[in-house]
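The next block holds one structure in the form of structure tokens; read it before the comments.
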Amino acid sequence: MKYIFLFFFLLSFNLKAQVNSGSRFVAMGETGVSLQDIWSLQQNQAGLASLEKPVVAIGYEQRFADQDLSTQSALFAVPYKQNVFGLSFQRYGFSAYNEQQIGFALARRFGNTLHVALNFNYHQLKITNYGSAQTFSVEAGLQYRASDKLWLGAHVANPNRSEYGNGVNAAIPVVLQFGASYSFSDKVLIATALEKTLNLNTDFKMGMEYKLVGMLYLRGGVSANPFKQYAGFGLNYQHLRLDVATSSHPVLGYSPQIAMSYEF
Amino acid sequence: MSFRNLFIAALLVFQFLLVKTVKSQTENDPIVDQIIESLSENAKEDVDYSDLAERLSFYRKHSANINKITFQQLQELVFLSPIQINTFLSYRNENGPIINLLELQSIDNFDLETVRKLVNFVSLDAANPFADVSIKSLLKNGHNDLLMRYSQIVEPQHGYQIPDSVKKSKYLGSPQHYFARYRYNYGDNISASLNMEKDAGEQFFSGANPYGFDFYSGNIAVKNIGKISKLVIGDYSLQFGQALTLWSGLGFSGKGADITAIAKQDVGLKPYTSVNESSFFRGVAATIKLKTISITPFVSYINVDGGFAAIDTLSSSADISSLGISGLHRTQTEINQKGSIAQFIYGSNIQFHQKGLTLGATAYHTYFDHTFGAGKQLYNQFKFADNSLTNTGFNYGYAYRNTYFFGEVAHSLESGFAFVNGLISSITPQVSLALLYRNYQKDYISFYNIALSEASTAINEKGFYSGLDIKPSNKWELSAYTDIFRFPWLKFGVDAPSQGYEMFSQLTYTPNKKIRATLRYKFTNKEENDNITNAFNTLDPVKTQNYRLELGYKINQDFTVKNHAEIAQYQKNTNPSELGFLVYQDLVYNPIQSKFSGNVRFAIFDTQGFNSSIYSFEDDVLYGYAIQAFQARGSKVYVNGRYTLKRGLDLWFKYSLISYTNRDNIGSGLDQTLGNKRSDFKLQVRYQF
């Protein structure tokens, strides 16, 4: 019974949320479009261009605190001169239904002010007793540093409206987002984003990161449509980073997640 | 009628009285108005802001010495956040006396806006010490303030026109509203006040009111005699903690544009000076201060208004069906309910305050001479149904660096609990954060509870509030909050547990001292019964949105102009949405040196129904705070003015006219007036000696 509900829910409401943008961005209300991080691979690959060393990251999310429904992610990025190459793997679903996505990103920085990126995805959908389907999609993004403290970002996913093909009632969402982030001090970062998904809602999001002491960061955010609240914290210890986040949907409840990354 | 003439004659007599010089006045000034407006984002019709206006006006006139101002006094200037108060006090402790008010700008967490407001209420002058107090000096150095107000709706209302021979409910008194108040202040330490009011429709020196006014309220208060830091005999109010256990008089349970106001600042015992005829205590109360501990015992006995359910044949006495809070006693029914229930309250608060830490505990017992009837509906089955109640509560506040933590836990014995915990933090000089979690059980009971809540009373609610205020520069300010709430039990008009959320944002642009532009958006999503008539309804989502644009600018020294446009939108489920629209133009004339000042407003409104009505603040005579609920279609104009006859003798007048294009008569029932226009006027005189 539970599966039937979830299945219905997945197919009708929340397709775009399948990409998990990592505990840091999620804790900030999924406002990563103008932020820079290894997890930019999952939100706006242009943010990858600021990486200076190779980074590896993994993440695990439990959707609506349901043990069966989860997202697992693994990311790897390596810079080379002005370029950064990124590789992402993500698996989402439960035993009888799952989606996998493999992405390859190329991000490049032009001077200190402009990042651009392209990303290619391979998608696979598997439903027990029904079979599977595959498709490809592209994403493109840019980030522009308007001042020392202000970053602007824009990102488009699946602009050519790639689909799984006939008979599969699951779409690859077509999403356009843009946003801005501003560092009020070395302690406070505030980010906003506007996101439009084709055939679905328009969402406005806002998030904040606060460096409490030394290596401890507190984060929070909200999104307007659907109304969701987000919170989390991060620990940066030398090369290692640990981020924890949860999002809260008024009807569906909490989705906790954890992510770790290591910078070489 | 002759008494009315006598009263008016008395008003006129004051014109001819000789007056001696008093300190120059500042009247209903924009600063006080702006502070009050920012505290209550959503104006409600039935709130009396005069108490707060009076308090702020007092400091405006008797500015406090910045080097002596106390924690309590700073709290009374409601616009300062607990963090600002704390940083100010520790700054003064560490750096010694403040030499120049400009120094305030260098204190952490004091932005330009705050300093601009604060300098209106403080000064560097040493306060005049009133050392010896004798009867002679009380008369000589005391400050007397007498104010009288007369107002009336010009068009006759239906309630006055029913002949005596007809046995129907009618207004028994005359349509005039009279109000008189007297204040005596001797420095900051001794004060006396007397308020008298006759509402429109109430009898005056006749019928139910042989002694003149319908409502009398007064008190004598002294401060700082030895260990007694405050003593009030007569009418008083009590405000403790986060308003969950005990908070009477003016308070704000709603959420406003000022996000730091979610932390309530309790001022403890205060002489009651409002004309609200409910929510105050009558008796004796004192605050005794022993170093870091203050104890406030209080006792009160008062007759409150109440309605009774039809007498049960089995039990001999009738149960209370409702408490009356309007203070209106115009019809026979209302007169019968007046003071029909005796309420006896006693209790105490104890407070510990040292540096940034405040801990408080409150316990009090309320006794009624009648029993409250049990709730007959499913939604109100947890209501108070007894004749006595004991409330207890514990509250805390702690300022640590740039963060202020606060909270309260309250318990009504033999029923529920309620909790509230929050923090406000200036994480950088530009960014402030506010968070609040609340959980009020459905069976928590307090008659003096106005803690932060979405519903009108802080019971049966869980919620989480988060707010952010960003000032990227002196010119820009963005304040935004979201609040998510849940009502675990049914409510009136909501036949199931429900939930919802609210989002608010306001952007203010102040390029210089002359221009101020505000853009505001608010969105609320809640659940209410659907429109089908049923014993039990299913719930429909209800969305309300409000857009507001306001632009104020000073043309020159004398004139200020304000444009205001507002849209309200209400939509239940997928029904067509209901729209409301209001636009008004204000012109304010307020020269620095002139006997005359005043303002004019012209408003046009068009709303499609009750749900899209728009509430708006209006300028009024001094200490009067009018709020207009705009409904239907039409226009409104008012003229408001002050004239200083002599130093110490001021006159105010206000005339307003509302006219509708799609209504043939205004109001309903006894309140109704025929025709599409309704006008009223107010006259006020104040004599200070």
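Things to note:
- When residues of the range A:240-264 are limited to those that are within 13 Å of another protein chain (Cβ to nearest Cβ) and part of a strand (DSSP E or B), the one nearest to residue A:59 (Cα to Cα): A:246
- Of A:210, A:237, A:182, all but one fail to be within 14 Å of chain B (Cβ to nearest Cβ), open to solvent by 20 Å² or more (accessible area, probe 1.4 Å), over 20 Å from residue A:44 (Cα atoms) and among the hydroxyl-bearing types (Ser, Thr, Tyr); the exception is A:210.
- Looking at the range B:1-111, the helices (runs of 4 or more DSSP H) lying wholly inside it that each contain 1 or more residues that are out of contact with any Gly (no Cβ under 6 Å at 6 or more places or on another chain), open to solvent by 20 Å² or more (accessible area, probe 1.4 Å) and at pLDDT 65 or above sit at B:30-39, B:50-61, B:71-76, B:82-95.
- In the range B:218-249, the residues that are surrounded by fewer than 22 Cβ atoms within 10 Å (Cβ to Cβ) and either small (Gly, Ala, Ser) or within 30 Å of residue B:464 (Cβ to Cβ) (or both): B:218, B:226, B:229, B:234
- Residue check, residue B:403 of a type in the set (Val, Ile, Thr), touching a residue at least 40 places away in the same chain (Cβ under 8 Å) and within 14 Å of another protein chain (Cβ to nearest Cβ): yes
- Filtering B:267, B:275, B:299 for residues that are out of contact with any Leu (no Cβ under 6 Å at 6 or more places or on another chain), among the β-branched types (Val, Ile, Thr) and modelled with pLDDT of 95 or more leaves a single hit, B:299.
- Count of the range A:250-264 residues which are touching a strand residue (DSSP E or B) at 6+ places or on another chain (Cβ under 9 Å) and open to solvent by less than 40 Å² (accessible area, probe 1.4 Å): 5
- Residue that is farthest from residue A:224 (Cα to Cα), among those in the range B:433-457 that are away from chain A (no Cβ under 12 Å), open to solvent by less than 40 Å² (accessible area, probe 1.4 Å) and of a type in the set (Gly, Ala, Ser): B:446
- Per-region count, the range B:557-586, residues open to solvent by 50 Å² or more (accessible area, probe 1.4 Å) and among the basic types (Lys, Arg): 1
- When the range B:192-228 is limited to residues that are modelled with pLDDT under 90 and in a strand (DSSP E or B), the one that is farthest from the chain's Cα centre (by Cα) turns out to be B:206.
- Hits in the range B:516-554 - residues which are within 13 Å of another protein chain (Cβ to nearest Cβ), open to solvent by 40 Å² or more (accessible area, probe 1.4 Å), charged (D, E, K, R) and closer than 30 Å to residue B:585 by Cα: B:543
- Members of the range B:416-432 that are within 13 Å of chain A (Cβ to nearest Cβ), in a strand (DSSP E or B) and over 15 Å from residue B:262 (Cα atoms): B:431
- Scan of the range A:185-207 for residues that are part of a loop (DSSP other than H, G, I, E, B), away from every other protein chain (no Cβ under 12 Å) and open to solvent by less than 60 Å² (accessible area, probe 1.4 Å), ordered by number: A:200, A:201
- Residues located in the range B:175-190, provided they are more than 21 Å from the chain's Cα centre (by Cα) and open to solvent by 30 Å² or more (accessible area, probe 1.4 Å): B:175, B:184, B:185, B:188, B:189, B:190
- Hits in the range A:220-230 - residues which are open to solvent by less than 20 Å² (accessible area, probe 1.4 Å) and more than 9 Å from chain B (Cβ to nearest Cβ): A:221, A:223, A:230
The values are calculated or read from the model by the stated rules, or taken from the named source; none is laboratory data. Treat the numbers as computed from the prediction; the structure is a model and nothing was measured. Every residue, glycine among them, receives a Cβ derived from its backbone with ideal geometry; neighbour counts consider all protein chains shown. Side chains are part of the model used for accessible areas, which takes the heavy atoms of the whole protein and leaves out ligands, DNA and RNA. Shrake-Rupley method; radii C 1.70, N 1.55, O 1.52, S 1.80 Å.
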